[in-house]
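Colleague: One structure, pasted below without further comment.
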Amino acid sequence: GVFYLYMKTAERAHLPKKLWERVKLPRNYEKAMEIINKHLEFWPKLLVHKIKQRLTKMTQYRIRMRRLQLKVREKIMTVPRKKTQRDLRRLDKAEKAAQLDKSIESELKERLRKGVYGEIYNFPFKQFDTILDMEKDDLAPEIEEEEEGEIEYVEGDDIEMGDMDDMEDFEGFGDEDG
């Protein structure tokens, strides 16, 4: 936002560090034109005219920039195309793998239900429970479960006397030391 007038002087050609003279131009357009006229008084008129045109154009840039900064605009974000394509490909692969996993799982459950493998003891509990639930739902009307709260009475004649002797041996078992 700050403009400078740079002038190259031939007298200082032997000092490259000080070859260019820099003059700060004020923000006011008319004052900046006066300073250009004063410093470039003996320069070729065509060159001075080009410098004034450049100052006019840059001043208009500055005015437009200020107006745009005052306006509240939506920031336009670009979408990284490669990344979105990569994500879509990964998503498709994951869906295919999930379908394959589901088909394998359903096939294994079906085989387990048919009893192809016999008895399996290291089957994961969650899947096993779900299979059992499905089997219970399928077989629930056919099988009647026994009630646990039902008490059954039997005659004492069925128990042999040898069994009673064994029971007497255990009476003092909790009292002994050692």
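Colleague: Given the Cα-Cα distance of Arg81 and Glu21 and 0.36 nm per residue of separation, how much length would full extension add, in nm? If you can, show how the numbers build up before the last one.
Modeller: Working: separation 60, 0.36 × 60 = 21.60 nm, distance 4.89 nm.
Contour length minus Cα-Cα distance gives 16.7 nm.
Colleague: Shifting gears a bit: Measure up Lys31/Lys57; Lys102/Lys126; Lys24/Lys57; Lys93/Lys114; Lys17/Lys50; Lys18/Lys52 against 22 Å on the Cα-Cα distance and list the ones that go over. Each step should come with its number before you reach the end.
Modeller: Details: Lys31/Lys57 16 Å; Lys102/Lys126 15 Å; Lys24/Lys57 17 Å; Lys93/Lys114 32 Å; Lys17/Lys50 26 Å; Lys18/Lys52 24 Å.
Check vs 22 Å cut-off fails for Lys93/Lys114; Lys17/Lys50; Lys18/Lys52.
Colleague: Measure out, as a whole number of angstrom, how far apart the alpha-carbon centroids of the range 74-103 and the range 8-22 sit.
Modeller: About 61 Å separates the Cα centre of the range 74-103 from the one of the range 8-22.
Colleague: Could you tell me the calculated FRET efficiency between Asn28 and Val72, based on Cβ-Cβ distance and R0 = 25 angstrom, to the nearest 0.05?
Modeller: 0.35
Colleague: From the Cα gyration tensor of the range 3-70, with a ≥ b ≥ c the square roots of its eigenvalues, which class applies: rounded if a/c is under 1.5, or else prolate if a/b is larger than b/c, or else oblate? Don't skip to the end; give the middle numbers.
Modeller: On the way: a/c = 2.70, a/b = 1.82, b/c = 1.48.
It is prolate, given that a/c is not under 1.5 and a/b is the larger ratio.
Colleague: Still on this structure: Taking every pair of alpha-carbon atoms in the range 97-137, give the share separated by more than 17 Å as a whole percent.
Modeller: Values: 252 of 820 pairs.
It works out to 31 percent of all Cα pairs.
Colleague: Sorting check: for 29-40, 81-92, which peptide has the highest mean count of neighbouring beta carbons within 10 Å, and how do the rest follow?
Modeller: Values: 29-40: 14.2, 81-92: 9.7.
For the peptides 29-40, 81-92, the packing ranking is 29-40, 81-92.
Colleague: Using a probe radius of 1.4 Å on heavy atoms only, what accessible surface per residue do you get for the range 33-136? Whole Å² is fine. Intermediate results must be reported in sequence, preceding the final value.
Modeller: Values: 9880 Å² over 104 residues.
Ligands and nucleic acids excluded, the figure is 95 Å² per residue.
The values are calculated or read from the model by the stated rules, or taken from the named source; none is laboratory data. Quantities reported herein were computed from a predicted structural model and do not represent experimental measurements. Note that we place each Cβ from the backbone using ideal geometry, even for glycine, and neighbour counts take in every protein chain shown. In case anyone asks, the SASA skips ligands and DNA or RNA and just uses the protein heavy atoms, side chains included. Shrake-Rupley method; radii C 1.70, N 1.55, O 1.52, S 1.80 Å.
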